[in-house]
1. Rank His54, His365 by accessible area, highest first, at a 1.4 Å probe radius?
2. Using modelled backbone amide H atoms (1.01 Å from N, in-plane), which distant-in-sequence or interchain residues come within less than 5 Å of Gly166's amide H?
3. Would you kindly give the portion of the calculated P(r) for the stretch 267-408 that falls above 20 Å, as a percent of all Cα pairs?
4. With +1 on each Lys and Arg Cβ and -1 on each Asp and Glu Cβ, and nothing else charged, work out how big the dipole of the stretch 94-224 is about its Cα centre, in Debye to the nearest 20.
5. Which Cα, out of Gly48, Trp84, Ile31, lies furthest along the positive dipole direction of the stretch 1-97 (beta carbon charges, K/R +1, D/E -1)?
6. With both partners inside the chain, how many of the DSSP beta bridges are antiparallel, as a percent to the nearest 5?
7. Where does the charge balance sit around Asp348 when Lys and Arg score +1, Asp and Glu -1, over other residues with C-beta under 14 Å from its C-beta?
8. Please list the radius of gyration and Dmax for the chain, considering alpha-carbon atoms only, with Å as the unit.
Amino acid sequence: MACRQFDEVADHLQIPESERPRLKFPKRAMIVSLPVSLEDGSTHVYSGFRVQHHLTLGPTKGGLRYHPEVSLGEVAALAMWMSWKCALAGLPYGGAKGGIACDPHHMSPHEVERLTRRYTQEMIPFIGPQVDIMAPDMGTDEQTMAWVMDTYSMHAGYSVPSIVTGKPVSLGGSLGRRDATGRGVAYLVARAADAIGMDLKGATAVVQGFGNVGSVAAQTLENYGAKIIAVSDVFGGVINSRGLDMQKLMKHVSEKRTVKGFPEADAISNEQLLLTPCDVLVPAALERQITGKNAGQIKCRILAEAANGPTTPDADAILARRDDICILPDILCNSGGVIVSYFEWVQDLQSFFWTETEVMQKLYHILDQAYDRILKSSRDRKISMRMAALAAGVQRVREAKTIRGLFP
Ligand code: NAD
């Protein structure tokens, strides 16, 4: 998917064939075997991955994902998207992504900690605050980042907070980082609603995936006056056309660890959820949720891609023919996370920390600039928002590579 998208953008930008491989192939791709002692006394060997897409503009930056289906291909695609996302937001980073094929929900906290520390140990030769900086992604959180930071720091002999972002504030994390992706998604939905003349007050929203990003996006949209009518997670979904009370739902999730069984709603499958008529649809879980099969039946006015790669190229071709849907492409829509991660890294390097208000103001400023630029380019050149966003990202990396030239 990522390569197909790149080829289309390269065609659009008329990048010569000879230049394309330098932009397309990852700089480094690592696979590591991670033996870990389990609680039952046995040892299991997990597979871990890390891909650093390019190092042209600075260190690489990207999440660490724990999910049973993590593979080198998935991580490589996510790393490439991170490159275009960072370039679009004007951050001095290349893209990276890492992951371990595991199911953290069926492991004890000690097992997850040992796995995280072993992975970090294996990655030490390839990471660093000026080389590659990790952050949370699906299945990982602030605690995971704290373990990565501790393992790296024990190796260095002193505390190195700038080795990860998305860590607890008490370890040098940034105020606002935990909510940044979801709040950024909601902020851009509000901008898109303005652009199409839709009032968010009373608008209906559906959110797939109720983790860090989905739950914060849902709560923020509710704060903006929208009515969240359906949400889901890996176990299933819930729907109530009168609106779900986010505060009560959050309490239910903190007790049951799933949205399933929320008393004030009916059950709905993840497949049906995506087809629910609504004003704003927010896929905030996995890749490839909106496909050639369901894209024609989706009924929303704004499709806010909070997840990375939720829409396949086949679906994109179908959606491009539908002028009733405004798409906020993933590399713009969920960029709030990496933007505040960048702020966290800057604060750690200077050991001087900002207030949450300062962080959010700076975030909205960058999001506004990126959104305005992409909207203008899409309208001027009569291309989709996705093409405009990808083209802006690819072009910036291409220029940097051209100016730096080839070594030796
Ligand atoms: P998370 O682990 O906190 O939450 C993921 C949610 O998706 C959970 O509710 C999980 O149950 C649900 N889910 C998993 N598989 C599902 C399935 N098959 N169907 C429906 N729901 C499913 O992860 P997150 O950090 O919220 O990340 C979600 C998405 O956002 C990912 O695509 C991630 O790459 C992207 N993203 C995250 C950040 C960030 O800052 N965390 C930044 C940018 C993009």
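The values are calculated or read from the model by the stated rules, or taken from the named source; none is laboratory data. Computed from a predicted structure; not experimentally measured. Using ideal geometry, Cβ is built from the backbone for each residue, glycine included, and neighbour counts are taken over all protein chains shown. Only protein heavy atoms, including side chains, enter the accessible area calculation; ligands, DNA and RNA are left aside. Shrake-Rupley method; radii C 1.70, N 1.55, O 1.52, S 1.80 Å.
1. Details: His54 5, His365 105 Å².
The most accessible residue leads, giving His365, His54.
2. The list, which skips near neighbours in sequence, is Ser174.
3. Details: 5697 of 10011 pairs.
Within the stretch 267-408, distances greater than 20 Å cover 57 percent of Cα pairs.
4. On the way: 10 positive and 13 negative charges, 37 e Å.
So the magnitude is around 180 debye.
5. The listed residue farthest towards the positive side: Trp84.
6. Working: 23 of 50 bridges.
If we restrict to bridges inside the chain, about 45 percent are antiparallel.
7. Values: positive: Lys61, Lys167, Arg177; negative: Glu344.
Net charge around Asp348: +2.
8. 20.5, 65
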